[in-house]
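Chemist: Sharing a structure, written as structure tokens. Questions coming.
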Amino acid sequence: MIWWTITFFIRLVLIYGFTQIYTGVTLPTLWATFVFVVVLAFLNITLKPILKLLTLPVNILTLGLFSLVINAVVILFADTLIADFAVTDFWAALVFGLVIGVINTVIGMIR
């Protein structure tokens with residue numbers, strides 16, 4: 001439980017730091033980042049599996065690269081749900097999804 005809390009706050013700080021550098025995504029405060037991370041986790045549990053199932057043939061044809069598009073769509077959907085979160089366009093959501101994936105991979109490797 002302690003490790004989960006530590007990694008959650010590391011993710012939170014890294015995502016907040018990236019949004020301060022990258023102009024395509026806006027998260028003005030740590031609280032907004034906290035809300036974003038919680039909403040994104042909920043969407044990854046509920047919406048993402050449905051989208052992956054619906055796009056399975058395309059995902060197989062692209063050898064899994066279409067998963068990046070699914071991540072971007074989930075981030076754009078989070079943009080519509082959260083008032084303090086803004087993404088400029090699809091490409092910004094795609095880059096943001098890549099960065100979140102890299103952050104999660106690095107934290108997973110440390111464990």
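Derivation of every value follows stated rules applied to the coordinates shown; laboratory data play no part. Just so you know, these numbers come straight off a predicted model, no measurement behind them. Glycine gets a Cβ as well: all are built from the backbone with ideal geometry, and neighbour counts include every protein chain shown.
Chemist: Any residue in the stretch 88-111 that is farther than 10 Å from Val25 by Cβ sitting within a Cβ distance under 8 Å of a residue that is part of a helix (DSSP H, G or I) and among the hydroxyl-bearing types (Ser, Thr, Tyr)? List the pairs, counting only those 6 or more apart or interchain.
Modeler: Ile107/Thr7; Arg111/Thr7
Chemist: Still on this structure, please answer the following. So which residues in the stretch 40-56 are assigned to a helix (DSSP H, G or I), more than 15 Å from Ile75 (Cα to Cα) and either in contact (Cβ under 8 Å) with a residue 12 or more places away in the chain or under 15 Å from the mean Cα position of the chain (by Cα) (or both), if there are any at all?
Modeler: Answer for the stretch 40-56, where residues must be assigned to a helix (DSSP H, G or I), more than 15 Å from Ile75 (Cα to Cα) and either in contact (Cβ under 8 Å) with a residue 12 or more places away in the chain or under 15 Å from the mean Cα position of the chain (by Cα) (or both): there is none.
Chemist: Give the residue that is farthest from Leu56 (Cα to Cα), with candidates limited to residues of the stretch 73-97 that are surrounded by fewer than 16 Cβ atoms within 10 Å (Cβ to Cβ) and acidic (Asp, Glu).
Modeler: So the residue we want is Asp84.
Chemist: Just to be sure, is Asp79 of a type in the set (D, E, K, R) and under 14 Å from the mean Cα position of the chain (by Cα)? Write out each step before concluding.
Modeler: Details: of a type in the set (D, E, K, R): yes; under 14 Å from the mean Cα position of the chain (by Cα): yes.
Yes: the conditions hold for Asp79.
Chemist: Does Asn59 satisfy being in a helix (DSSP H, G or I), touching a residue at least 24 places away in the same chain (Cβ under 8 Å) and among the polar types (S, T, N, Q)?
Modeler: Here the answer is no, as Asn59 does not meet what is asked.
Chemist: Does the stretch 62-74 contain any residue that is of a type in the set (Phe, Trp, Tyr) and either under 17 Å from Val87 (Cβ atoms) or over 13 Å from the mean Cα position of the chain (by Cα) (or both)? Give the derivation first.
Modeler: The first filter runs over the stretch 62-74 and keeps only residues of a type in the set (Phe, Trp, Tyr), leaving 66.
Now restrict to residues that are either under 17 Å from Val87 (Cβ atoms) or over 13 Å from the mean Cα position of the chain (by Cα) (or both): 66.
The answer is yes; a qualifying residue exists.
Matching residues to (1) crowded, with 17+ Cβ neighbours inside 10 Å; (2) within 18 Å of Val102 (Cα to Cα):
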position	(1), (2)
Ile2	no, no
Ile6	no, yes
Phe9	no, yes
Leu14	yes, yes
Phe18	yes, yes
Ile21	no, yes
Leu27	yes, no
Phe34	no, no
Leu40	yes, yes
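Chemist: Among the residues of the stretch 14-39, how many are without any contact (Cβ under 8 Å) to a residue 12 or more places away in the chain and aliphatic (A, V, I, L, M)?
Modeler: 2
Chemist: If you go through the stretch 19-28 one residue at a time, do you hit one that is touching a strand residue (DSSP E or B) at 6+ places or on another chain (Cβ under 6 Å) and under 26 Å from Arg111 (Cα atoms)?
Modeler: Applying the first criterion (touching a strand residue (DSSP E or B) at 6+ places or on another chain (Cβ under 6 Å)) to the stretch 19-28 yields 19, 25-26.
Now narrow it down to the ones that are under 26 Å from Arg111 (Cα atoms): 19.
Yes, that holds for at least one residue.
Chemist: Out of the stretch 87-97, which residues are outside any loop (DSSP other than H, G, I, E, B) and either of a type in the set (Ser, Thr, Tyr) or closer than 13 Å to Tyr22 by Cα (or both)? Explain how you work it out, then say what you get.
Modeler: To start, the set of residues in the stretch 87-97 that are outside any loop (DSSP other than H, G, I, E, B) comprises 87, 90-97.
Result: Val87, Trp91, Ala92, Ala93, Leu94, Val95, Phe96, Gly97.
Chemist: Only one residue in Ile70, Ile100 is under 20 Å from Phe18 (Cα atoms) and either surrounded by 11 or more Cβ atoms within 10 Å (Cβ to Cβ) or of a type outside the set (Phe, Trp, Tyr) (or both). Which one? Don't jump to the end; show me each part of the working.
Modeler: On the way: Ile70 fails: under 20 Å from Phe18 (Cα atoms).
Result: Ile100 is the single residue among Ile70, Ile100 that is under 20 Å from Phe18 (Cα atoms) and either surrounded by 11 or more Cβ atoms within 10 Å (Cβ to Cβ) or of a type outside the set (Phe, Trp, Tyr) (or both).
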